[in-house]
1. Could you tell me whether any residue of segment 83-106 is hydroxyl-bearing (S, T, Y) and out of contact with any strand residue (DSSP E or B) (no Cβ under 6 Å at 6 or more places or on another chain)?
2. Within segment 53-93, count every residue that is under 13 Å from K166 (Cβ atoms) and free of Cβ contacts under 8 Å to residues at least 60 places away in the same chain.
3. What residue, of Q107, Q117, is closer than 30 Å to A49 by Cβ and modelled with pLDDT under 90?
4. Quick check on segment 44-97: of everything there that is more than 17 Å from the chain's Cα centre (by Cα) and aromatic (F, W, Y), which residue is least open to solvent (accessible area, probe 1.4 Å)?
Amino acid sequence: AVVCILLELGFLIFIIATGVLFIIKLKRSKKNSKLLLSKLEKDDPIWNAKALDRHIRNSFFEIQKAWSDDNIYSVKHLLSDSLYADFQKQLERNRKDNVRNLLSKIQLLNAYPMSVQDRIGEENDCVWYYIEGKMLDLTVEASTRRILSDIRKPQKFIEYWRFCKKDNTWVLDRISQQLEFESLIGK
């Protein structure tokens with residue numbers, strides 16, 4: 001019994017330590033990204049941190065609304081060609097399955113840069129943003145509006161959004177779920 005308690009305690013300490021280390025890593029990434037943005041802005045105004053942050057926040061709400069309205073075309077200018085095609089396929093699949101995602105009570109709780117990549121060639125510059133939000137995401141039958149999902153209250157989520165330069169603006173190129181992104185950067 002004592003061995004089991006010690007093992008559980010050790011496991012709990014490991015989990016807590018891992019979480020603390022990851023939070024430290026996130027804060028360091030945020031700080032380093034903001035410093036790099038301010039350096040890059042001196043040579044290229046598109047890297048302006050305040051303007052970029054405003055663009056990401058506006059894009060977040062516009063993209064959520066377009067998805068919920070089943071009208072991703074309205075935000076095509078905010079998406080890379082590949083992500084736009086992926087979204088179109090997902091929405092087409094939903095239409096075939098007679099379902100829709102209705103998003104409401106959308107909140108952006110936190111958004112900040114996590115990684116800045118200034119590479120040779122304008123089209124290769126990217127920035128990863130930590131996105132923390134909350135929304136009600138209902139799956140409904142498209143023809144009847146009957147609710148198919150069990151979750152009936154807003155849920156908090158964390159995602160990582162990659163924006164890349166395209167035609168001297170920022171477009172959303174990829175969305176990674178929290179566990180997927182964290183496994184990429186290592187916990």
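1. Yes; the residues of segment 83-106 include at least one that is hydroxyl-bearing (S, T, Y) and out of contact with any strand residue (DSSP E or B) (no Cβ under 6 Å at 6 or more places or on another chain).
2. Of the residues in that region, 3 qualify.
3. Testing whether each residue is closer than 30 Å to A49 by Cβ and modelled with pLDDT under 90 leaves just Q117.
4. So, considering only residues that are more than 17 Å from the chain's Cα centre (by Cα) and aromatic (F, W, Y), the one least open to solvent (accessible area, probe 1.4 Å) is W47.
The values are calculated or read from the model by the stated rules, or taken from the named source; none is laboratory data. No experiment lies behind these values; they were computed from the predicted model shown. So basically every Cβ, Gly included, is an ideal-geometry build from the backbone, and we count neighbours across all protein chains shown. Accessible surface is based on the protein model in full, side chains and every heavy atom, while ligands, DNA and RNA are left aside. Shrake-Rupley method; radii C 1.70, N 1.55, O 1.52, S 1.80 Å.
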